[in-house]
Structures are given as structure tokens and as C-alpha cells.
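Have a look at the structure below, then the notes.
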Amino acid sequence: MPKTDSKRNTIVFALLILILAMFFMANLCIGNVRIGAGDVLGILFSGAGDDTVRSIILSIRLPRTIMALVLGGALAVAGFLLQTYFSNPIAGPYILGVSSGARMMVALLLIFVAGGVTVKGYTLVFAAFLGALAATFFIILISKRVRNMASLLAAGIMIGYICSAVTDFLVAFADDSDIVNLHSWSQGSFSGATMEGAGYCTVIVSVSFICVMFLAKSLDALRLGESYARSVGINVKMCRIFIILLSSILSGCVTAYAGPVSFIGIAVPFLMREVLGTSKPVVLIPASFIAGSAFCLLSDLLARMIFAPTELNISAVTSLFGAPIVIFMIIRRHRGNEN
């Protein structure tokens, strides 16, 4: 890697980490009750402070902030994996219906299987993983027959609509006294996050992220074409299977705890490619994770505060920022094809 590129990457990563730290602290400090940064740091590192303030930070804001950080990064990495698989920068968990499939399976579990019984975090993630995997396989089957990417994306959107319609029917039969936050969850929200849930998310996403990083060399070869990947000794079939499994786990984890969150999986990897000027997975994977985390933290903060005390669903905010980026991507891709 040339020195200029290395220096540029170092600066970009430093800025991303700084922005992430700023948004992390902002989410802990800002709310219906404003808490100073010094008080927050005192509570986090020494346990000092008023009992009420400590409860707000440790029981409400910290779990929610950790959840937004971890799941925002997970969604961006899942989007990067799907874009690599389909060789299309507009592919993503939300657009292709993967998130909707995971959402449908979790709703099915909570309403008809659990029956009001508290469901463990890993059970939610497993159900969401199965839903995401099923939706992904449908997309892959369609991709075998439909080579045109616009048609494939349209098919993915239709699968998403079907899964969303089924979920809406399921939610109509839900008992709010038994299923806490199901309606807000089905729209996408980090409200109701707990430290236990944040712990599950962190472990699952961390292990998945490490696996994705080990896959970076294979992804780099695959983006140059299957023939090239095979020529350098990459098992293309196994690589694609791992891409499907890891993207399903990551997007399933997000949906299990936060519901469907739109556009982060598409917009963030694209922005990182533009900012870093590279398509190398070993650079883009961590950059996408950090940027996805920062984007999700900012979106969650805005969702809580724009019309406080009324809270918007997270997808309303991510769509507001992410959709214009996707429109720009489509226009730019069309112009590139014309040229």
C-alpha cells in the first residue's frame, strides 16, 4: 500500500474513532435529563454520583448506547458482505428483504411460540438468523434465474414486502401485556435495551466480526472475479457459504434486538469506499463497522430528541439520511453504465 494511502487511511480511521467517541458520550449525556460529561465519566469509572443519575446511565442509557454502537456496526458489515456476494453496491439486508425475514421469524417466535414467556437473547438471535437465512436463500435462488441486478433488487424488495405483511398480521394478534415493546420493536427501536441483551449482542457481533476479518483475503480475491479467486486457491463455494452465514447472523442479531433498521447496510459501505478511495475488504470492513456504529448512535440520539418526549423509530431517521445516499448511488451507477 502506498504511503499516501496509508496516511490517508490513518487520518480517516482516527477521525472515525473520534466521531464515534463523541456520539457515544452524547448519547449518555443528552436526554430528558441532561447529565454532564464529568458526571457520566465518574459513574462509569468510579461508581460515584447520585443514585438516580447512576440508574439513568447504567440501566437505561448505557445499554441502549452499547446496543446502537454494536448493532450499527454489525448492520454495516452485513451490508458490505451482501454487496460483495452480489457484486452490487445497492445490495443490503434491508433492501433485499433479509431484515424483514428475520423480523417475521422473531415476531412468530414471540407471539405464537413463547406465549408471553421471557425469551433468552440467544433464542431471539437464532430465530432471526433462521429468518434472515431463509430470505437470503430465496434471493440467491432468484439470482440464479435473474441476471439483471435491477430485477434482483426488485425481487428482494417484494420478498421484504411479503415478510413485512406477514409480520403485520402476526403483530395484530399480539397481546401488549405479554409482549413488551413488540410494536415499537417491529418499527425499529433501541428502547427497552438491557445490559444482558447488550452483552449477548457484543459477544455475537464480536465473534462474527473476527470471522469476517479472517475472510477478508478471500473477499478481496472474490471481488476481482470467481476465476481469479480460484486461480489463487480460494474455495469460492465455501467463501460464499460463509458470506451468507455471517451476513445472516449479523443482520439477524440486529433485527432480534432492534427490529428492522434501514439503509445503514447500504449507505455506510458506499461512503467508506468513497472516503477511503479503496475497495480492499481489510480496510473497508473495520471502517464500515466504526462508521456504521457512529451513524447508528447519531440516528438513535436524533430519534429520541427531535420530538422529545415522543420518540421516533430508528428507521425514520436512518431513512432520512440514508435514502438520499442510495438515490445518489443509483444515479451515479446509471451514469457509469452509460459512459
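The values are calculated or read from the model by the stated rules, or taken from the named source; none is laboratory data. What you see is a predicted model; the values in this text were computed from it and never measured. When we count neighbours, we look across all protein chains shown, and the Cβ atoms used for this are built from the backbone with ideal geometry, even at glycine.
Below, the figures for the structure above:
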| quantity | calculated |
| --- | --- |
| Subset of segment 194-233 that is touching a Phe, Trp or Tyr at 6+ places or on another chain (Cβ under 7 Å) and in a helix (DSSP H, G or I) - its residue that is nearest to THR255 (Cα to Cα) | CYS201 |
| Enumeration of residues in segment 70-112 that are among the hydroxyl-bearing types (Ser, Thr, Tyr) and either under 23 Å from VAL203 (Cβ atoms) or under 12 Å from the mean Cα position of the chain (by Cα) (or both) | TYR94, SER99 |
| Qualifying residue in segment 212-225 (condition: surrounded by 15 or more Cβ atoms within 10 Å (Cβ to Cβ) and acidic (Asp, Glu)) | yes |
| Cross-chain or 6+ apart pairs with Cβ under 8 Å, segment 110-136 first and farther than 16 Å from GLY197 by Cα and surrounded by fewer than 17 Cβ atoms within 10 Å (Cβ to Cβ), then β-branched (Val, Ile, Thr) and at pLDDT 85 or above | none |
| Evaluation of SER279 against (1) in a helix (DSSP H, G or I); (2) among the polar types (S, T, N, Q); (3) farther than 23 Å from VAL106 by Cα (one fails), failing number | (1) |
| Residues (modelled with pLDDT of 85 or more, surrounded by 20 or more Cβ atoms within 10 Å (Cβ to Cβ) and over 16 Å from PHE86 (Cβ atoms)) located in segment 137-167 | CYS163 |
| One residue from ALA294, ALA267 being at pLDDT 85 or above, closer than 17 Å to SER251 by Cβ and part of a helix (DSSP H, G or I) | ALA267 |
